[in-house]
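Q: My questions all concern the structure below.
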Amino acid sequence: MPWPQNTPPQRDGDAAAGIEVTDDFERFSQRNDIFTRAFWDKRVKSKHTMKFFSSYRMEAAPRRGDGFSQRDFALRNAAWLISDVVSGRRAQEGIREGFQAAIRPDTPVAKEALEIDNPARMSAEVKRIAKFFGADLCGITDLDERWIYTARVDTRDMSEAPHDLPEGLTSVIVLGHEMDKELVATYPSALAGAATGREYSHEAAIVMQFAAYIRNLGYEAVPSMNDTGLVIPFAVKAGLGEYARNQMVITPEFGPRLRFSKIFTNLPLTHDAPQPQGVKAFCDICTKCADACPVKALPYGPPSTVTANVSAIKGVRKWTSNAEKCFPFWAKMASDCAICMRVCPFNRDYSKRRNRLWLNLALGPMRKLALRLAAKHGQRRKPAEWWGKA
């Protein structure tokens, strides 16, 4: 699919979604994301980054202390297995599915398309099927080409390559996958990394099955994880949540404790609207994530267009982290860090009434009281306690 190099900065619905695109906007090249740069950019690549990636093989996993023992890495690496199988099946072609390239559909499009005379009803059916396959959230938005990467990455030499997408895609189905709250409480640790890996494996299976369902109906569907486009703007536009200081989408169901995946399709669907409820106003007065960041990679102050390096999109007024500070900390630990997720006051179990009451405070004029009530929220749980619970 040929994508324009740039598109008009503002679109209908941007304000409601909390998206402010300026005249300096440039679409993002995935070659510049911090994980891809770790393979080609000397400013990021180091012995630590290579050890980080190799730690996902048990023979290369370091073993040191609580949360980083053999059984912690064993669980984390096992949690990634399905995702790893999918991402590695076309490695010889330079295609890392789900990360630097879209996932190849394994089902042909049915020759006869199901006639759909009610896109709203079809959208409701899509959301029901999303839950059937195991997604925790589902929203639908238009395919806003501004958030599509300028190119995919050929992992043989880390060069840019054209997207291999069919013509006529019109919608993005965005899926949310809840991370295990008890494991998230142990960040930073290899044990906590199992919460990340499990959801990547879940979403790989879910988007592939979901895309097969749509293709069986006679419509195009491209399953996608971290590849092809920036999922956060799509999730916000699809009404699933609001962007926060910690660079995450805050949802009313799970706070920031989610991974997101997506499906690009031409299935006739109605689109959801953004649902701003007051997260930005709370983040304006809360800096718990920035305070807790060990390497001070998260921003203070209001949203801005300032970017620290090429791993941030240009021309969007928002809170932007310094990825060149963040990822090296991951690399030294040999596991992902989500301290900012753990300490976020919105990281709560909303099945409990007291947390729903807190949410009402946080999203309203009593947000300062909610912040005071969250003063001790998000303290780290020792990984040994998680194992001991068994």
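Q: If a residue has to be under 22 Å from the mean Cα position of the chain (by Cα), at pLDDT 95 or above and not basic (Lys, Arg) to count, how many in region 76-131 make the cut?
A: The number of residues fulfilling the criteria is 23.
Q: Which pairs do you get when a residue that is free of Cβ contacts under 8 Å to residues at least 12 places away in the same chain, found in region 37-48, comes within reach of a residue that is among the aromatic types (Phe, Trp, Tyr), reach meaning Cβ atoms under 7 angstrom, with the pair 6+ apart or on two chains?
A: Listed by first residue and then by second, the contacts come to 45/39.
Q: For region 303-390, which fully contained helices (runs of 4 or more DSSP H) count at least 3 residues that are out of contact with any helix residue (DSSP H, G or I) (no Cβ under 7 Å at 6 or more places or on another chain) and either of a type outside the set (S, T, N, Q) or touching a residue at least 60 places away in the same chain (Cβ under 8 Å) (or both)?
A: The qualifying helices (runs of 4 or more DSSP H) are 323-333, 353-362, 383-389.
Q: Something else: Among the residues of region 212-221, which ones are closer than 12 Å to residue 103 by Cβ and surrounded by 24 or more Cβ atoms within 10 Å (Cβ to Cβ)?
A: Correct list: 221 only.
Q: Given the conditions (1) touching a residue at least 12 places away in the same chain (Cβ under 8 Å); (2) in a helix (DSSP H, G or I); (3) of a type outside the set (Lys, Arg), which single one is not true for residue 59?
A: Condition (1) is where residue 59 drops out.
Q: Check region 25-39 and report whether any residue there is more than 21 Å from the chain's Cα centre (by Cα) and in a loop (DSSP other than H, G, I, E, B).
A: no
Q: Could you please find all residues in region 291-309 being hydrophobic (A, V, I, L, M, F, W, C) and buried (at least 19 other Cβ atoms within 10 Å of the Cβ)?
A: Correct list: 293, 297, 298.
Q: State which residue is surrounded by the most Cβ atoms within 10 Å (Cβ to Cβ) when the search covers only region 251-281 and only residues that are within 20 Å of residue 121 (Cα to Cα) and hydrophobic (A, V, I, L, M, F, W, C).
A: Taking the candidates together, the pick is 263.
Q: Going through region 256-279 one residue at a time, which ones are in a strand (DSSP E or B) and more than 13 Å from the chain's Cα centre (by Cα)?
A: 263, 264, 265
Q: Quick check, is residue 332 at pLDDT below 95, within 20 Å of residue 292 (Cβ to Cβ) and surrounded by 13 or more Cβ atoms within 10 Å (Cβ to Cβ)?
A: Yes.
Q: Now, a different point. Given the residues 112, 93, which is the only one that is touching a strand residue (DSSP E or B) at 6+ places or on another chain (Cβ under 9 Å) and either without any contact (Cβ under 8 Å) to a residue 12 or more places away in the chain or surrounded by fewer than 14 Cβ atoms within 10 Å (Cβ to Cβ) (or both)?
A: Among 112, 93, only 93 is touching a strand residue (DSSP E or B) at 6+ places or on another chain (Cβ under 9 Å) and either without any contact (Cβ under 8 Å) to a residue 12 or more places away in the chain or surrounded by fewer than 14 Cβ atoms within 10 Å (Cβ to Cβ) (or both).
Q: With the condition kept exactly as written, say whether any residue in region 161-172 is touching a helix residue (DSSP H, G or I) at 6+ places or on another chain (Cβ under 6 Å), buried (at least 16 other Cβ atoms within 10 Å of the Cβ) and not small (Gly, Ala, Ser).
A: Yes.
Here is a yes/no grid of residues against (1) within 21 Å of residue 209 (Cα to Cα); (2) among the hydroxyl-bearing types (Ser, Thr, Tyr); (3) in contact with a helix residue (DSSP H, G or I) (Cβ under 8 Å, 6 or more places away or on another chain); (4) surrounded by fewer than 20 Cβ atoms within 10 Å (Cβ to Cβ):
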position	(1), (2), (3), (4)
83	yes, yes, yes, no
105	yes, no, yes, yes
120	no, no, no, yes
135	yes, no, yes, no
139	yes, no, yes, no
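Each row is one residue, and each column tells you yes or no for (1) closer than 22 Å to residue 150 by Cβ; (2) among the hydroxyl-bearing types (Ser, Thr, Tyr).
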residue: 245; (1), (2): no, no
residue: 258; (1), (2): no, no
residue: 265; (1), (2): yes, yes
residue: 281; (1), (2): no, no
residue: 286; (1), (2): no, no
residue: 290; (1), (2): no, no
residue: 299; (1), (2): no, no
residue: 304; (1), (2): no, yes
residue: 317; (1), (2): yes, no
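The values are calculated or read from the model by the stated rules, or taken from the named source; none is laboratory data. None of these values were measured; they are calculated from a predicted model. Every residue, glycine as well, gets a Cβ built from its backbone with ideal geometry; the counts of neighbours run over all protein chains shown.
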